[in-house]
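Encoded as structure tokens, the structure appears first; notes follow it.
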Amino acid sequence: MADNESATASTTDQEASKSTETKRWADVAEEEQDVAEASSTEPKLDSLAIDDSRLGHSTLTDPDDSSIEAVTSGDTPYTSAKRFEDLNLSPELLKGLYVEMKFEKPSKIQAISLPMILTPPNKNLIAQAHNGSGKTTCFVLGMLSRVDPKLTAPQALCICPTRELAIQNMEVLLKMGKFTGITSELAIPADPANYIPIQKRPPITAQVIIGTPGTICKWMLAKKLGMSQMKILVFDEADHMLAESGFRDDSVKIMKAIAKANFSCQVLLFSATFDDAVKAFVSKIVEEIFVRDYNQMFVKKEELSLESVKQYKVHCPDELSKIMVIKDRILELGEKVGQTIIFVRSRNSAAMLHKSLVSLGYEVTTIQGALKQEDRDKIIKEFKEGLTQVLISTDLLARGFDQKQVNLVVNFDLPVRYDRPTEPDYEVYLHRVGRAGRFGRKGAVFNLLCDDRDDLIMGKIEKYFNAQIAEVAPWNSEKEFEVALENAGLL
DNA sequence: AAAAAAC
């Protein structure tokens, strides 16, 4: 997550100095990216030390900042980690944190979650934290510190919803674990050119595996991925991985195989979104398979929207004018403020929008799951290197994708539930918004609406997050878009 | 509808 840091320093410093209003979790983000200024925003976490005199559930909330709530189960005492030295990490891992990641001390969510992850009996954990607050660094650190470097066998497994996210997480692991000598392997579909069937490969000996469910299952069923030494299993975007029908079966299959081979394996569920029903459902699955209690870390949904990202709605008279808004406003203004991701509902509308913009002479790239692996990799690489400015995407990139220069997100189509098209998909909405404003940076989101249904959906989203979404009107006013970006702190 | 995956 913290790669390319030096390349982005100029924009971020400027942004950091501009923010004067009340900041909550954004403080944490600045600690992660700007160690020099971190000392002034020392998080007050003493109150998070668990009161072990009480049995059963104890709830701990920081009086100064209630945005993150830790709930522990049982009587294991935990003390929040003020320094990485408090966590019994190896010197090699500490070096990775300080030298490679340029961390100075644990971020807030690390301070709360790492003691729960690392303290025996290494209970399971369901952890929710804001988009762009450093969940990845949390569970990567968790995996690296629980692996025994001397044992040549898979000991940590991380399951992600897309191959892009798996690759991104692996990059963080390699960086943080640079000096540890811990080995790792990506379990994602290879591009056909250098594809070796798993049956023809030797058993996996890498200590950390990060991948997507299908490939992991395939390796597992081929008996090439041993689970008997597995110490820690991480679900990134866990609500999605365990509640979404297409993912759930594979996820459960993997969990059961691990429980069978090594019952003491620890399970971590990480996401920015855990809808109450999903939370209950997901924790029940894990509890039933591993027959064990778990700790929790949560954020209230009202406090989940990113304060640093301004959200807008734009009423467009028809579909064509949505394309005009993109062309005349977003692309023109977007160029001045950073990179842009435009989210669409389907692969088809992605292709349609791509065609329209290209035929109008604009340079955009488009990513969706039907592309060849190598094309996907190329498009992501170009975007991450800043060679492309505007990326059209399906919800492939809605979750987890981390590119700090993305300041603008456009919802060309609002996210809706597939079975009930008048019902917003609140989680996807929040995740899309979270692609802008990484680590407390400024950002703006434009929701393009063009009929009553869109209005209805937008209204529901505002109500759900208890957020006011300002209107940019009229839709074709250059001035109003400029004002919007100014108010977002981007111009 | 989209995401993963497939021999």
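Cα centroids of the range A:156-174 and the range A:299-331: how far apart, whole angstrom? Comparing the Cα centres of the range A:156-174 and the range A:299-331, I get a distance of 29 Å.
For the range A:456-472, backbone phi angles converted through the Karplus equation (6.51, -1.76, 1.60; θ = phi - 60°) give residue-by-residue couplings of 4, 5, 4, x, 5, 5, 4, 5, 4, 8, 6, 10, 8, 10, 6, 9, 9 Hz, Gly and Pro being listed as x. The residue among A:326, A:154, A:125 whose Cα reaches farthest toward the positive pole of the charge dipole of chain A, with charges on the beta-carbon of Lys, Arg, Asp and Glu, is A:154.
For chain A, the longest principal axis of the Cα atoms and the long axis of helix A:163-176 meet at an angle of about 60 degrees.
For the range A:216-221, putting each phi into the Karplus relation 6.51 cos²θ - 1.76 cosθ + 1.60 with θ = phi - 60° gives couplings of 4, 4, 4, 4, 5, 5 Hz, in residue order, rounded to whole numbers and with x for Gly and Pro. Highest mean first, the peptides A:470-481, A:167-178 sorted by other C-beta atoms within 10 Å per residue fall in the order A:167-178, A:470-481. Peptide packing for A:213-225, A:402-414 was compared via the average number of neighbouring C-beta atoms within 10 Å per residue; ordered from the highest value, the list is A:402-414, A:213-225. Computed from point charges on the beta carbon alone (+1 for Lys and Arg, -1 for Asp and Glu), the dipole magnitude for chain A about its Cα centre is near 1840 Debye. For chain A, the longest principal axis of the Cα atoms and the long axis of helix A:135-146 meet at an angle of about 20 degrees. The calculated 222 nm mean residue ellipticity attributable to helices in chain A amounts to -11000 deg cm²/dmol, summing -39500 (n - 2.57) over DSSP H runs of n ≥ 4 and dividing by all residues. Measuring between alpha carbons in the structure, the pairs from A:355/A:381; A:253/A:284; A:372/A:404 lying more than 19 angstrom apart are A:355/A:381; A:372/A:404. Which angle between 0 and 90 degrees, to the nearest 10, do you get for helix A:478-487 versus the longest principal axis of chain A when only C-alpha atoms count? Approximately 30 degrees, to the nearest 10. In terms of its alpha-carbon gyration tensor, the range A:309-487 comes out rounded; the largest-to-smallest axis ratio a/c stays below the 1.5 threshold. Note on chain A: antiparallel DSSP beta bridges, both residues inside, total approximately 15 percent of the bridges counted.
The phi-based Karplus calculation (6.51 cos²θ - 1.76 cosθ + 1.60; θ = phi - 60°) puts the 3J(HN,Hα) values of the range A:296-306 at 9, 9, 9, 10, 5, 5, 5, 9, 8, 5, 7 Hz, whole numbers, x for Gly and Pro.
Global dimensions of chain A from alpha-carbon coordinates: Rg and Dmax equal 22.1, 68 Å. Between residue A:305 and any residue 5 or more places off or on another chain, the built amide H atoms are never under 5 Å apart. Among A:269, A:440, A:359, whose Cα lies farthest out toward the positive end of the dipole of chain A, if unit charges sit on the beta carbon of Lys, Arg (+1) and Asp, Glu (-1)? Checked the options; the winner is A:269. Take A:146-159, A:90-103 and order them by the average number of nearby Cβ atoms within 10 Å per residue, most first; the result is A:146-159, A:90-103.
Under the rule a/c < 1.5 gives rounded, and otherwise a/b versus b/c splits prolate from oblate, where does the range A:240-362 land using the Cα gyration tensor? In terms of gyration-tensor shape, prolate.
Values in this text are rule-based calculations from the coordinates and carry no lab data. Computed from a predicted model, the values in this text were never measured in an experiment. Ideal geometry is used to build each Cβ from the backbone, glycine not excepted, and the neighbour counts take in all protein chains shown.
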